[in-house]
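Okay, structure first, notes after.
The values are calculated or read from the model by the stated rules, or taken from the named source; none is laboratory data. Please read all numbers here as calculations on a predicted model, not as lab measurements. Cβ: placed from backbone, ideal geometry, glycine included. Neighbour counts: every protein chain shown.
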Amino acid sequence: MSQPWPTTPPTPSHRAAFADAAPRAYWLDAAAPRAPHEPLTSTIDADLCIVGGGFTGLWAALHAKADDPSRDVVLLEAETIGFGASGRNGGFVVSSLTHGLSNGMARFADEMELLERLGRGNFDGLVEDVRRHGIDCDLELTGELMPVVAPYQDTWPSEEAPLLERFGYDYEIFPDAAAMQAEIASPIFRGGLWVKDAGGIVDPVKLAVGLLETAERLGVRVYERTPAVALDSSSAGVTVLTGRSGQATGGGAVRAARVVLGTSAFPPLLRAIKKYVVPVYDYALMTEPLSASQKAAIGWERRQGLGDGGNQFHYYRLTADDRILWGGYDAVYRFGGPVRRELDDHAPTFARLAQNFFTTFPQLEGLRFTHRWGGAIDTCSRFSVFFGTAHGGRVSYAVGYTGLGVGATRFGARVALDLVDGRETEATRSRYVRRKPVPFPPEPLRTAVIQLTRNRLAAADRRDGKRGLWLGTLDRLGLGFDS
């Protein structure tokens, strides 16, 4: 086997490690109590209505107010701010807009100079916004570290180096197991690549709440527990019809000149989006805080965010109080793409995650997990955000971040706002913004294609990275799945 992960079933001790874990996202559970805003129950008017209280919607609100402080902006959230992917992710904030350099070069080689410049500028802007608005979100600019965990990955760091040099990144290669394990002590690490200025880590809920508080200070009107259920266009603008308590009756409406949609993996208000986005469930565990001796046993003094090599990969990072977040590996799609609360808890995946955690850090045997959770990611075939407009250009959207949205949502919100306002920029002129990803086929073929691809990705990991006929065909069609 070329991968280090056990092929035997998880043991009772692995299951016991998360048996008492709270079945909810740690970030939401740890956040300071906050009374939600009242839902919208009447009809109101606004210059701009933003649907979705995740990062895309919050950044759109800030951009709109920065452009024109007098603009009347209303933000609608079906649950509470940060409820969806924005509050359930790993808290990795990176500069890439294209899900990494390799993915970007495979799809947008002719525009990568532009996209890298826009991505680095967006990341710098995010850091500046956090500091300027006084958002306390545990932001640490520690970069990204990819540990090599299988022999076929050994050459990846040196192969990636020319791209990193071309685009001006500061990086360090750990050439062998000894060098990598001196940085972070795991017996499965064979080497690694640390891109020091590619990003960092953050508490995503603290960031979301900080953006909310900033938006409110700027005059944005926010309504929570207010699901948008339909759009109705007229010569005067677009009316966003809302429900109440999850139902399409008893709510209110927003009559707006412009609308920006940031609905992530949740069912979209525009039918045209449905063929491009599938909700794929991702799961994570959070440990109890490490003791001083446990922390000394693993090193990790520079606190990088990690994502190991392979198609089925784990992502992990330290929190401000020295817990370890451990997620990834399984990416679960279910027939028809349902998004429901009960799907957030998935014992088979948690058991596998626990087993692989202790394979990576056997010196932490006995550590318990305090939280377990999952949630849907808005996945598209190009692995990065895409855009569009509707209703005569008065509605725009940014969706499809595919798991790397903490940083890219700021850019996505900027572009969506520029599109709906008819503002031409070098971003809106780019092929990256103007073109859609390849759509997914309808069911039942959609499920068959996704499950076959997942199966072949797992097989590639078992076969020294050999991608085989199916994955090779996807690569040739520009649909390669590599993460």
Out of the residues in segment 228-264 that are buried (at least 19 other Cβ atoms within 10 Å of the Cβ) and farther than 19 Å from A390 by Cβ, state the one that is modelled with the lowest pLDDT. G251
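Is segment 62-76 home to any residue that is at pLDDT below 95 and out of contact with any helix residue (DSSP H, G or I) (no Cβ under 6 Å at 6 or more places or on another chain)?
Within segment 62-76 (the criterion being at pLDDT below 95 and out of contact with any helix residue (DSSP H, G or I) (no Cβ under 6 Å at 6 or more places or on another chain)), the answer is no, since none of the residues qualifies.
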How many residues, within segment 323-369, are over 21 Å from A185 (Cα atoms) and either in the same structural domain as F83 (by TED's automatic domain parsing) or not basic (K, R) (or both)? 19
Condition first: more than 30 Å from L419 (Cβ to Cβ) and among the small types (G, A, S). Now tell me which residues in segment 261-307 satisfy that. A284, S291, A292, S293, A296, A297, G299, G305, G307
If I filter segment 60-75 for residues that are in contact with a Phe, Trp or Tyr (Cβ under 8 Å, 6 or more places away or on another chain), touching a residue at least 12 places away in the same chain (Cβ under 8 Å) and in the same structural domain as S233 (by TED's automatic domain parsing), do I get at least one hit? yes
Wholly within segment 6-124, which helices (runs of 4 or more DSSP H) include no fewer than the required count, namely at least 2 residues that are surrounded by fewer than 23 Cβ atoms within 10 Å (Cβ to Cβ)? 12-19, 26-30, 55-67, 101-108
Just checking, which of A272, A320, A297 is farther than 29 Å from Q153 by Cα, in the same structural domain as A179 (by TED's automatic domain parsing), touching a residue at least 40 places away in the same chain (Cβ under 8 Å) and surrounded by fewer than 17 Cβ atoms within 10 Å (Cβ to Cβ)? A320
T7 vs (1) at pLDDT below 95; (2) closer than 30 Å to P437 by Cβ: all pass except (2)
Within segment 362-386, the residues that are out of contact with any Ser or Thr (no Cβ under 6 Å at 6 or more places or on another chain) and more than 30 Å from G400 (Cβ to Cβ) are P362, Q363, L364, E365, G366, R368, T370
Just to be sure, is F481 modelled with pLDDT under 90 and under 19 Å from the mean Cα position of the chain (by Cα)? yes
Just to be sure I understand, how many residues within segment 23-47 are among the basic types (K, R) and under 15 Å from A208 (Cα atoms)? 1
Test result for T142, modelled with pLDDT of 95 or more, out of contact with any helix residue (DSSP H, G or I) (no Cβ under 8 Å at 6 or more places or on another chain), part of a loop (DSSP other than H, G, I, E, B) and surrounded by 14 or more Cβ atoms within 10 Å (Cβ to Cβ): yes
Which one is farthest from the chain's Cα centre (by Cα), of the residues in segment 355-393 that are surrounded by fewer than 19 Cβ atoms within 10 Å (Cβ to Cβ) and over 30 Å from P6 (Cα atoms)? G392
Tell me which residues, restricted to segment 165-206, are in contact with a helix residue (DSSP H, G or I) (Cβ under 7 Å, 6 or more places away or on another chain), of a type in the set (A, V, I, L, M) and more than 19 Å from L325 (Cβ to Cβ). I173, L193, V195
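Okay, residues lined up against (1) over 21 Å from D124 (Cα atoms); (2) touching an Asp or Glu at 6+ places or on another chain (Cβ under 7 Å); (3) surrounded by 21 or more Cβ atoms within 10 Å (Cβ to Cβ):
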site: P157; (1), (2), (3): yes, no, yes
site: P162; (1), (2), (3): yes, no, no
site: I173; (1), (2), (3): yes, no, no
site: Q181; (1), (2), (3): yes, no, no
site: I184; (1), (2), (3): yes, no, yes
site: I188; (1), (2), (3): yes, no, no
site: K196; (1), (2), (3): no, yes, no
